[in-house]
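As structure tokens, the structure follows; a few thoughts come after it.
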Amino acid sequence: MTALGFLYPGHSAEDDYPRIEQLLGSDIRVDLVHTDIGEDAHREDALREMGSPERLAAGVRELRLAGVEAVVWACTSGGFVRGWDGAHEQVRALARAAGMPASSTSFGFVHAAGEIGARRVAIGATYPDGIAALFAEFLRAGGLDVVAVRGSGIVTAAEVGTWGEAELFALARAADHADADAVLLPDTALHTASHLTALEKELGKPVLTANQVTVWEALRLTDRRVNAPTLGALFTREPVVQV
């Protein structure tokens, strides 16, 4: 049994995690602890505070007691808003507090894009344009070529959590670009776990979504590879060998 730990802010799309655990169909256990979201706002100052060391450390003890082997900060915007270097420091502080390997959804997107060989990506964000632009900057710092960015102007995670299939597919279609190797949907407040194969069929290319990538990143930290076709190309492809 491999136990994976996640720190998830508030309550929006946390039901994606037990669903993903079920779809993995293996000896994987997903343990999720909710962190205090503070002010629910896709605004730079609020997002920085949401991912503060104190807020993250508060949830770590429960994950340690659960016996998890790695922990991931399951909040994309609460990581990349700090920039490449700041997000690294956030993860280092989390690893020190947890006493185990740690990462964040933001870094998970960079690693996952590399896993499927996607160098050029398009972003479909629920965030306001300014926050979506910060995610694009983060990905570029990670070596990716961002060919298109689509923001949606949604201010709160609570509103994103109410989106259904129609809104999700509309966002993905609007975000897609002919030059993109993959489409990235970065909000962990967005329900996507039940729609991954349909999204990829609709767009004809890999789609990376926040909760999917978060769980994959935790598996990467524990050196586990699981074949789960219902979770999209990220969970079915062989890793790309860089030359």
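The values are calculated or read from the model by the stated rules, or taken from the named source; none is laboratory data. Just so we're clear, the structure is a prediction, and the values are computed from it rather than from any experiment. Cβ: placed from backbone, ideal geometry, glycine included. Neighbour counts: every protein chain shown.
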Residues located in the range 191-229, provided they are under 13 Å from residue 17 (Cβ atoms) and either without any contact (Cβ under 8 Å) to a residue 40 or more places away in the chain or assigned to a loop (DSSP other than H, G, I, E, B) (or both)
191, 192, 193, 194, 209
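Starting from residues that are in a helix (DSSP H, G or I), in contact with a helix residue (DSSP H, G or I) (Cβ under 6 Å, 6 or more places away or on another chain) and not hydroxyl-bearing (Ser, Thr, Tyr), keep the ones in the range 91-110 and report whichever is surrounded by the fewest Cβ atoms within 10 Å (Cβ to Cβ).
Among those that are in a helix (DSSP H, G or I), in contact with a helix residue (DSSP H, G or I) (Cβ under 6 Å, 6 or more places away or on another chain) and not hydroxyl-bearing (Ser, Thr, Tyr), it is 93.
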The range 72-93: number of residues that are touching a Ser or Thr at 6+ places or on another chain (Cβ under 8 Å) and over 15 Å from residue 210 (Cα atoms):
3
List the residue pairs whose Cβ atoms are under 7 Å apart, where the first residue sits in the range 16-28 and is more than 11 Å from residue 211 (Cβ to Cβ) and of a type in the set (D, E, K, R), the second is surrounded by fewer than 13 Cβ atoms within 10 Å (Cβ to Cβ) and at pLDDT below 90, and the two are 6 or more positions apart or on different chains.
27/1
Taking into account only those residues within the range 15-62 that are in contact with an Asp or Glu (Cβ under 6 Å, 6 or more places away or on another chain) and part of a helix (DSSP H, G or I), which is nearest to residue 128 (Cα to Cα)?
46
Residue 26 fails exactly one of the following numbered conditions: (1) in contact with a strand residue (DSSP E or B) (Cβ under 7 Å, 6 or more places away or on another chain); (2) surrounded by fewer than 16 Cβ atoms within 10 Å (Cβ to Cβ); (3) polar (S, T, N, Q). What is the number of that condition?
(1)
Going through the range 12-34 one residue at a time, which ones are modelled with pLDDT of 90 or more and not charged (D, E, K, R)?
13, 17, 18, 20, 22, 23, 24, 28, 30, 32, 33, 34
Check 156, 197 and return the single one that is among the polar types (S, T, N, Q), more than 25 Å from residue 7 (Cβ to Cβ) and either surrounded by fewer than 20 Cβ atoms within 10 Å (Cβ to Cβ) or out of contact with any strand residue (DSSP E or B) (no Cβ under 9 Å at 6 or more places or on another chain) (or both).
197
Can you name every residue in the range 133-176 that is under 18 Å from residue 199 (Cα atoms), in contact with a helix residue (DSSP H, G or I) (Cβ under 8 Å, 6 or more places away or on another chain) and assigned to a helix (DSSP H, G or I)?
168, 169, 172, 173
When you go through 184, 134 one by one, which is the residue that is under 27 Å from residue 236 (Cβ atoms) and not β-branched (Val, Ile, Thr)?
184
